[in-house]
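Some notes on the structure that comes next.
The values are calculated or read from the model by the stated rules, or taken from the named source; none is laboratory data. Not measured: the values here are computed from a predicted model. All Cβ positions, even for glycine, are placed from backbone atoms using ideal geometry, and neighbour counts span all protein chains on display.
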Amino acid sequence: MSLLVDSSVWIDYFNGVITPQTDLLDELLGSEFIVTGDLILAEVLQGFHRDTDYGQARNALLQLPMLNMVGTAIADQSAANYRHLRKRSLTIRKTIDCLIATFCIENDLTLLHSDRDFNPFEENLGLQVRRP
């Protein structure tokens, strides 16, 4: 099964923040099949201030298999998942996290993250999560 790494982990990784998730990512790079997606690429790269850092991160991420994450089917299912969770009094703060979680569920990808918005997807909708 492929591993998708969320921007929450990549951002910490590129900023040199040591967390259990960044340690696991560092360990898995080169030894496990890691993929990324267009949404994650955009989220990660938009945060860089220095051109040098931006270029290095961009080059590193573009070495990974790149998945196109959002189309009509994922957008539709993401809205349905959001509504399902909201009916259970669980509100997801960011639309992009809903899209990423739904994409992983629909494509049988495991997610490495450090963002609490993914927990309801794991607990209620079957999102597979890799834990450090």
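Data overview
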| item | result |
| --- | --- |
| Contacts under 9 angstrom Cβ, first residue in the range 32-51 being more than 15 Å from Ile96 (Cα to Cα), partner in a loop (DSSP other than H, G, I, E, B) and aliphatic (A, V, I, L, M), 6 or more apart | Phe33/Met1; Ile34/Leu64; Val35/Leu64; Val35/Leu109 |
| Criterion (in contact with a Ser or Thr (Cβ under 6 Å, 6 or more places away or on another chain) and either surrounded by fewer than 12 Cβ atoms within 10 Å (Cβ to Cβ) or of a type outside the set (A, V, I, L, M, F, W, C) (or both)) met by exactly one of Asn81, Asn107 | Asn81 |
| Residues within the range 51-70 that are part of a loop (DSSP other than H, G, I, E, B) and either in contact with an Asp or Glu (Cβ under 8 Å, 6 or more places away or on another chain) or at pLDDT below 95 (or both), tallied | 3 |
| Residue pairs meeting the criteria (Cβ under 6 Å; at least 6 apart or on separate chains; first of a type in the set (Ser, Thr, Tyr), in the range 65-89; second assigned to a helix (DSSP H, G or I) and surrounded by 14 or more Cβ atoms within 10 Å (Cβ to Cβ)) | Ser78/Cys98; Ser78/Leu99; Ser78/Thr102; Tyr82/Cys98 |
| Members of the range 103-132 found to be in a loop (DSSP other than H, G, I, E, B) and acidic (Asp, Glu), listed by number | Asp108, Asp115 |
| Long-range neighbours under 6 Å by Cβ, at least six apart or interchain, first residue under 9 Å from Leu112 (Cα atoms) and in contact (Cβ under 8 Å) with a residue 24 or more places away in the chain within the range 18-29, second β-branched (Val, Ile, Thr) and part of a helix (DSSP H, G or I) | Gln21/Val9; Leu25/Val9 |
| Residues that are small (Gly, Ala, Ser) and either more than 30 Å from Asn124 (Cα to Cα) or over 19 Å from the mean Cα position of the chain (by Cα) (or both), drawn from the range 49-79 | Gly55, Ala57, Ala60 |
| Residue list for the range 8-25, restricted to those being in a helix (DSSP H, G or I), within 23 Å of Arg50 (Cα to Cα) and not β-branched (Val, Ile, Thr) | Ser8, Trp10, Asp12, Tyr13, Phe14 |
| Check on Arg93, within 19 Å of Pro120 (Cβ to Cβ) and either in a loop (DSSP other than H, G, I, E, B) or among the acidic types (Asp, Glu) (or both) | yes |
| Single condition Asn15 does not satisfy, out of (1) surrounded by fewer than 14 Cβ atoms within 10 Å (Cβ to Cβ); (2) in contact (Cβ under 8 Å) with a residue 40 or more places away in the chain | (2) |
